Each structure stands twice: as structure tokens, then as C-alpha cells.
Amino acid sequence: METQDDSRATSYTTLPAGSDFRHELEIRRSRFITVLRRSPDEDTARSLVADLRREFHDARHHCSAFVIGPDRMIQRSSDDGEPSGTAGIPMLEALIKRETADGVTDLSDVSAVVVRYFGGILLGAGGLVRAYSESVSKALDLAPLVERKRLRLCDIGVPHADAGRLENELRSGGFVMAETLYEARQAVLRVALPDEPAVLEEAQDRVAALTAGASVLNPQGTEWVDVPR
């Protein structure tokens, strides 16, 4: 199974972690309550459906869709009793076709559930498709989004006396600095960089220039980090 570290993607757009986002539409007397949740795995996505079945236990339908992973390899949907293809698939398409920054379609790690209370007026197949698609799209219009980037953590070993100066120069140059480690024989500065070969090469040249070739950038592991848009 692919993991986030195996991904070809180095960034994608998602919801902030920690809280659900809700939005409600009324269409021809039917209530469509959309709930969005950050879902890094299928268990989290399916737990949203279970939670809403308990909360809205008297609703007729709890339709769902989710897309998971930096490369968006996991995509699932459910009509939950609505006519086949009129709810889950339109919801999923609203997620995967969502344009985020610069017209990119990279929304992921998001699950959507639309709870429907039937209002007594039949919408027909076309009406249902539009209603479920619009419900998710309108919720996404209003929901906060964050960019999730894969950063490469890199170590730079320097003498203790040079650590403060080099850290300040790297910060001034726009580098994202993690916690500095002070060991017995040296200080280890830690830098977080976009996990892209060109960026790493440029950073290596910068460190060499700032230390007159005395220190090098040592790439370590990667970490996914949320960056507000």
C-alpha cells in the first residue's frame, strides 16, 4: 500500500484538522446538510458517516464520498438508498474536480457526507445529481482550506560559536528552521525544505557559501506540514 512518503506529490490541499465544517441547503423543501471532515484514512472517513447516522438518526439518506492520499488514489462514494449514481458519484466529482490554488485540482484527505431530509417533492434523477453536487460545492466554497506540503528535514553540523550567526542568515534567507540540537562537539541546525531536488541543490549551495564550504546539508526524513493559504 502506498504511504504518504511514497507519494509522487509534494503538496496538496485539504481541510484543517480538528473540526468538521457544516453547510445546509434547502431545495424544494428537502434539507441537504453537508458535513466535511479532514480524513487521512478510510477509517476516519467512515467514522463521519457513523457519527452522522447517530446524530441525524431520523434522516432518510446519509450519502457520502471521500478522497484520500497525496496522489488521491483512494476514492469512494455511496448513494445510501438514493437512485444509483444520483448522490455519491456527483459528490465525489465535486471533491476531485474542485479547483484550488491556481486552478489546480488537488483536494484530498477530505470526506463529505450529505444528510437529506425528504421534503415531499420528488426531484428526479437530474435534480438529485444537481442537489448533491451543489451541496458539496457550496460547502467547499465556504470551508477553510490549507496546503499540506511534504518537507525534507536536513541537518547542518556547525561549531557552537557559528550556530547563531548561520541560523540568523538562513532565517533571513527565507529558510524554515526547526529546533537546533546542541551536541557535545557541535551544534546541529535543522532546516525544513520543500522535498524537490532543485530546492535541495540550491540550499546546499547556499550553506556552502555561508560556511565557506566547511558545512554541508545532510538530508534526513520527510514530514508533511499544514501551511495556511
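The values are calculated or read from the model by the stated rules, or taken from the named source; none is laboratory data. If you're wondering where the values come from, they're calculated on a predicted model, not measured in any experiment. All Cβ positions, glycine included, derive from the backbone under ideal geometry; neighbour counts span all protein chains shown.
The table for this structure:
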read-out	value
Test result for LEU142, of a type outside the set (Val, Ile, Thr) and without any contact (Cβ under 8 Å) to a residue 60 or more places away in the chain	no
Residue under evaluation ARG98, criteria (1) basic (Lys, Arg); (2) modelled with pLDDT of 95 or more; (3) farther than 13 Å from THR13 by Cα, criterion not met	(3)
Failed criterion for ILE96 (all others in (1) under 19 Å from VAL146 (Cα atoms); (2) in contact (Cβ under 8 Å) with a residue 40 or more places away in the chain; (3) β-branched (Val, Ile, Thr) hold)	(2)
Residue in the range 101-108 that is closer than 23 Å to SER77 by Cα, among the small types (Gly, Ala, Ser), surrounded by fewer than 17 Cβ atoms within 10 Å (Cβ to Cβ) and touching a residue at least 60 places away in the same chain (Cβ under 8 Å) present	no
Qualifying helices (runs of 4 or more DSSP H) (wholly inside the range 113-222; at least 3 residues being assigned by TED's automatic domain parsing to the domain that holds LEU36 and exposed (fewer than 15 other Cβ atoms within 10 Å of the Cβ))	124-142
Residues that are among the hydroxyl-bearing types (Ser, Thr, Tyr) and touching a Gly at 6+ places or on another chain (Cβ under 7 Å), drawn from the range 77-101	SER77, SER78
Selection status of SER78, without any contact (Cβ under 8 Å) to a residue 40 or more places away in the chain, touching a strand residue (DSSP E or B) at 6+ places or on another chain (Cβ under 7 Å) and either closer than 16 Å to LEU15 by Cα or among the small types (Gly, Ala, Ser) (or both)	yes
